[in-house]
1. Scan region 61-81 residue by residue and report those that are out of contact with any His (no Cβ under 7 Å at 6 or more places or on another chain), within 16 Å of residue 42 (Cα to Cα), of a type outside the set (Asp, Glu) and not in a helix (DSSP H, G or I).
2. Could you tell me whether region 99-114 includes any residue that is over 27 Å from residue 57 (Cα atoms) and of a type in the set (Val, Ile, Thr)?
3. Consider only pairs whose beta carbons are under 7 Å apart and that are at least six residues apart or on different chains; among these, list those whose first residue lies in region 34-53 and is part of a helix (DSSP H, G or I) and whose second residue is at pLDDT 75 or above.
4. What number goes with the only condition from (1) modelled with pLDDT under 75; (2) of a type in the set (A, V, I, L, M); (3) farther than 21 Å from residue 116 by Cα that residue 19 does not pass?
5. Please go through region 72-108 and pick out each residue that is without any contact (Cβ under 8 Å) to a residue 60 or more places away in the chain and of a type in the set (A, V, I, L, M).
6. Checking the structure you have, find out if any residue of region 103-110 is outside any strand (DSSP E or B), within 24 Å of residue 79 (Cβ to Cβ) and touching a Lys or Arg at 6+ places or on another chain (Cβ under 8 Å).
7. Out of all the residues in region 113-161, which are more than 18 Å from residue 53 (Cα to Cα) and charged (D, E, K, R)?
8. Taking the criterion of being more than 23 Å from residue 132 (Cβ to Cβ), of a type in the set (Lys, Arg) and at pLDDT below 85, would at least one residue in region 60-78 satisfy it?
Amino acid sequence: MIARSVASTRVGVDGHEVVTHSYGDSHEAAGSPEYPEYKAAITLLNYRHVHRLQTLPNAVKASLDGMNMQPYDAMQGPNEFFYTGNLKDWNRIAEMEQIAVACLVIVGEFDAFTPVCAMPMHRALPDSETAVLRNCSHLAMYEDPAAYFDRLTAFLAKHRG
């Protein structure tokens, strides 16, 4: 299963540009992500596209609270929406044809990695299915666990060997 991910950060960036085109672009381009307007835009983007929950689940909150941002910044960048780190040119689409097992590419309708971002993976994989979970974002497994796990268990049952 491939969930909440992309096989190419360029695809992710393209998808994020669709999501972020009116938020914080000038501050990101200027290298000034500490501006209050930029931080407010990222907070809004996180709510719309990373999680749509009023309260984060304890496991997610604990993970975020204990996160060492130094490696994240070096690899990703300042947040989920703008790649400035050393993974900004990462691309494994071509290698995906070598995956010899069935894959489920699952994404939320409003995911930071948009459903459009999932399509290059789906097309590159020799045996894959896609699932777009309605009214969910990046943390679909917390936002609609029944839909998420129903789709996952149906996929696993179909491909049980």
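The values are calculated or read from the model by the stated rules, or taken from the named source; none is laboratory data. Quick caveat, the model's predicted, so the values are computed rather than measured. Cβ sites come from the backbone with ideal geometry, for glycine too, and all protein chains shown count toward neighbours.
1. Scanning region 61-81 gives 76, 77, 78, 79.
2. yes
3. Note: pairs meeting the criteria are 48/110; 48/137; 49/110; 49/111; 49/112; 49/137; 49/138.
4. (3)
5. 74, 75, 94, 99, 100, 101, 102
6. Checking region 103-110: at least one residue is outside any strand (DSSP E or B), within 24 Å of residue 79 (Cβ to Cβ) and touching a Lys or Arg at 6+ places or on another chain (Cβ under 8 Å).
7. 123, 127, 129, 150, 151, 158, 160
8. No, every residue in region 60-78 fails to be more than 23 Å from residue 132 (Cβ to Cβ), of a type in the set (Lys, Arg) and at pLDDT below 85.
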